[in-house]
Amino acid sequence: MADLNKDEIRAMGKAVGLDIQDPELTEVMYSLNALLESLDAINPPGLNDVEPLPIILPPA
Amino acid sequence: MNQSELPFLSASDLSRLIQSKEVSPVEATEAYLDRIEAEDFRFHSYITVMRDQAMDDARRAEQDIASGQHRGPMHGVPVAVKDQFWSKGVRSTGGSRILADFVPDEDATVITKLRKAGAVVLGKTNMTEFAITGFSHRYSTPRNPWDIDTYTGGSSSGSGAATAAYLCATSLGEDTGGSIRFPATWCGLVGIRPSWGLVSRHGVMRGVWSMDTVGPISRTVEDAAITLGAIAGHDASDPYSSKATVPDYQKSLGGDLTGLRIGVITEFMESDLVEPAVRQSVSKAIATLGELGATVEEVSIPLSMDAGVASAVLLAVEPALAQQDWIKDRIQDYGHDVRILLLTGSLLPAQAYYKAQKLRTMLRQQVLDSLGKYDVLVLPTSGKGAQQQVEDPPITSKETAGRLSFLFTRIFNLASCPAMSVPCGFDDRNMPVGLQIAALPGAEEKIFKVGHAYEQASTWHTMRPPGA
C-alpha cells in the first residue's frame, strides 16, 4: 500500500472541513501512514468471518 | 500518632484507626492538605485542591462516626479524583485548556458514590490532555516520587503521583487504554481497571465509549479493594452500567492460591519490547505465584501484539468524532501530541475503523477462550520502567509515530476484561516494575485474591519512594 502524500492528506482534511497546514501536515502524514501500514499488515485467518462487535455486555 | 505521620498509612490502616476513633477524619484530612501544600510543588499532582469542601466532608464524617453511624471502610478516608470527572461547583478541566473554565453543575456518579461512602474528596488530579495520550500535559507534567526527573505514566498521571507521594490515601483514575495501570506500574502502585460497565461513567469525560473505565490507583491491594467497592454498582444515569450485585472485595483477600490456574501470555513475556530486568522481576513474581499453590502454565494468544494497533485506531477516531467542533474551531488550543492525534483520527478511513473493530472481536475471543482454561492471565504491565521527562517530540517518520508500544495494557481494554497492575520489583535503574493480572469480565475477586497473595509474599508495597 503506497503512502499518502501531503497533497492527499490536505485533500482528505478538506473533505471533512479541516484546513491542515504544516508543521501539522507533515506529522499527520507520518502518523496516518504509520497507522494504516500497521493495520494493513494484520490479516489473521477468519477476519472476514467475524462481526465488528465493540462490546460484550457486563454480567447481569 | 503524630498528625504529620498519618499520610504515610495505607488507606485501609487509616480506615481502621478512624473506625476505632483513634484518628479523626478531620485530623487525617488536615494532615493531607498540609502535606499537599508543602510538597505538591515538586510533584504537580493536583490541578485543583478542594480545601474547603474537603474540610466540610471531614467534619461531616467526624460527626457521623461520633454518633455511631459508620458507613464502611471509606468513611473519613481522604481521596483524590482525576480531573476527568465532573465535580459540582469545582472546575473540571479534563487536563485541557479548552475546558479551563468548565464548572459542572453536578458531580460524576463516582464522586457521588465516594461521598455516599463517607470519603473525603481532597481535590482534582492532573492528567494528560483529555486522557487520550500517554504524555501530553497542559498543567505541567507530574513527577515520579521514585525519581523526580522521571515521568509517572499516564493518562492518570496526577493520581499516580499523588498516591505515590502520600498526597492522598487512595485515588481514582480512568483507563481507556491503560491509563490506570500505566501510572500504577511506573509509580510502584496497585491499579485496577475494572470490568467495563462495573463502574458508572456518568459525568466522566469520554475517550472511547466502549473502553472507558473508572477505577482505583492505591498503595496496596486492600486499599484498591475498598476504593473499588465504594464506586462500583449500577447507575441509572449510565445505561451500560452493570446490574450485578457488587461483592465485598475485601472478603476475597487472604489464603493461598491452591487450585488456581494461571496462564502466562508468552507473546508478551518473550517480546523484544521487554527489558531484561523487567522480564526477570516479572518471572520471579510468577514463580512466587506457583510457590503459593497456583498451577502456572504458558498460554499463547496469537493476536496479543496486535492489540496496540487495533486500539490506536479506536483511540484516534472516537475522540476526534466527539471533539470535531473544537478541532475545527480551536485546534491551536490543543497541545502538540493531542493535536496530531485528533487530526489523524479525523482522517482515518471508515474501513480502518471497521477493520480495527473486527480485529478486536477476534482478539477478545482469543482472550476469553484462554480465560476459559485459566482463572487469571499474567504478563508484564509495561516492558520498561519509568522514563525521563521529555516534551512531546515532533513526529519525523512513520517509525516515531507510536509512543506507547512498550505498554501491554490495551489487550484487556479491547476484551472488556478487568486487569490489575501490582508492584513486583525494580528495573536496572531502580524504577518500579508491575505484574499485570487479568480475569474474565466480572471476576475482579480472582484478581484481588491473586494480587493480594503475591503482595503479602513480597515486600515491594512496604518500600517508600526516595522522593516522597
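The values are calculated or read from the model by the stated rules, or taken from the named source; none is laboratory data. Computed from a predicted model, the values in this text were never measured in an experiment. Backbone-built Cβ (ideal geometry, glycine too); neighbour counts: all protein chains shown.
Sort through A:Glu37, A:Glu27, A:Glu51 and tell me the only one that's within 7 Å of chain B (Cβ to nearest Cβ) and surrounded by fewer than 11 Cβ atoms within 10 Å (Cβ to Cβ).
Just one listed residue meets the conditions, A:Glu51.
Having 3 or more residues that are under 17 Å from A:Leu32 (Cα atoms) and either in the same structural domain as B:Lys446 (by TED's automatic domain parsing) or basic (Lys, Arg) (or both) is the bar; report the helices (runs of 4 or more DSSP H) wholly within the range B:316-397 that clear it.
On the way: elements: B:324-329, B:336-347, B:350-373.
Because the criterion is at least 3 residues that are under 17 Å from A:Leu32 (Cα atoms) and either in the same structural domain as B:Lys446 (by TED's automatic domain parsing) or basic (Lys, Arg) (or both), the helices (runs of 4 or more DSSP H) in the range B:316-397 that meet it are B:336-347, B:350-373.
Among (1) loosely packed, with under 14 Cβ neighbours inside 10 Å; (2) more than 7 Å from chain B (Cβ to nearest Cβ), which single condition is A:Glu8 missing?
Checking A:Glu8 against (1) loosely packed, with under 14 Cβ neighbours inside 10 Å; (2) more than 7 Å from chain B (Cβ to nearest Cβ), the one that fails is (1).
Give me a count of the residues in the range B:29-63 that are more than 15 Å from B:Ala162 (Cβ to Cβ) and of a type in the set (A, V, I, L, M).
Looking only at that region, the number is 3.
Which of the following residues is within 14 Å of chain A (Cβ to nearest Cβ) and either polar (S, T, N, Q) or out of contact with any Gly (no Cβ under 7 Å at 6 or more places or on another chain) (or both): B:Ala307, B:Ala244?
Exactly one residue qualifies, and that residue is B:Ala307.
Pick from the range B:415-427 the residues that are among the small types (Gly, Ala, Ser), crowded, with 24+ Cβ neighbours inside 10 Å and outside any loop (DSSP other than H, G, I, E, B): which of them is farthest from the other protein chains (Cβ to nearest Cβ)?
Step by step, filter the range B:415-427, then rank; the result is B:Ser421.
Given the conditions (1) surrounded by fewer than 24 Cβ atoms within 10 Å (Cβ to Cβ); (2) closer than 27 Å to B:Ala457 by Cβ; (3) out of contact with any Ser or Thr (no Cβ under 7 Å at 6 or more places or on another chain), report the number of the one that B:Glu267 does not fulfil.
Unmet condition: (3).
State whether one or more residues within the range B:374-384 are acidic (Asp, Glu) and within 14 Å of another protein chain (Cβ to nearest Cβ).
no
Filter the range B:404-414 for residues that are crowded, with 17+ Cβ neighbours inside 10 Å and either within 21 Å of B:Trp186 (Cβ to Cβ) or of a type in the set (Lys, Arg) (or both) and give the result.
Of all residues in the range B:404-414, those crowded, with 17+ Cβ neighbours inside 10 Å come to B:404, B:406-414.
Across the range B:404-414, the qualifying residues are B:Leu404, B:Phe406, B:Leu407, B:Phe408, B:Thr409, B:Arg410, B:Ile411, B:Phe412, B:Asn413.
Going by the conditions given, is B:Asp235 in a loop (DSSP other than H, G, I, E, B) and either under 16 Å from B:Glu444 (Cα atoms) or assigned by TED's automatic domain parsing to the domain that holds B:Val378 (or both)?
Working: in a loop (DSSP other than H, G, I, E, B): yes; either under 16 Å from B:Glu444 (Cα atoms) or assigned by TED's automatic domain parsing to the domain that holds B:Val378 (or both): no.
No; evaluated as a whole, the condition is false for this residue.
So, of the residues in the range B:42-58 that are among the hydrophobic types (A, V, I, L, M, F, W, C) and assigned to a helix (DSSP H, G or I), which turns out to be surrounded by the most Cβ atoms within 10 Å (Cβ to Cβ)? Spell out how you get there, then give the answer.
Within the range B:42-58, the first condition is being among the hydrophobic types (A, V, I, L, M, F, W, C), and the residues that meet it are B:43, B:47, B:49-50, B:54-55, B:58.
In the following step, the residues that additionally are assigned to a helix (DSSP H, G or I) were identified as B:43, B:54-55, B:58.
Working: B:Phe43: 26, B:Ala54: 23, B:Met55: 16, B:Ala58: 23.
Taking the candidates together, the pick is B:Phe43.
From B:Leu368, B:Leu341, B:Leu379, B:Leu363, which residue is surrounded by fewer than 16 Cβ atoms within 10 Å (Cβ to Cβ), of a type outside the set (Gly, Ala, Ser) and in contact (Cβ under 8 Å) with a residue 60 or more places away in the chain?
B:Leu368
If we scan the range B:15-25, do we find a residue that is assigned to a helix (DSSP H, G or I) and within 22 Å of the chain's Cα centre (by Cα)?
Checking the range B:15-25: at least one residue is assigned to a helix (DSSP H, G or I) and within 22 Å of the chain's Cα centre (by Cα).
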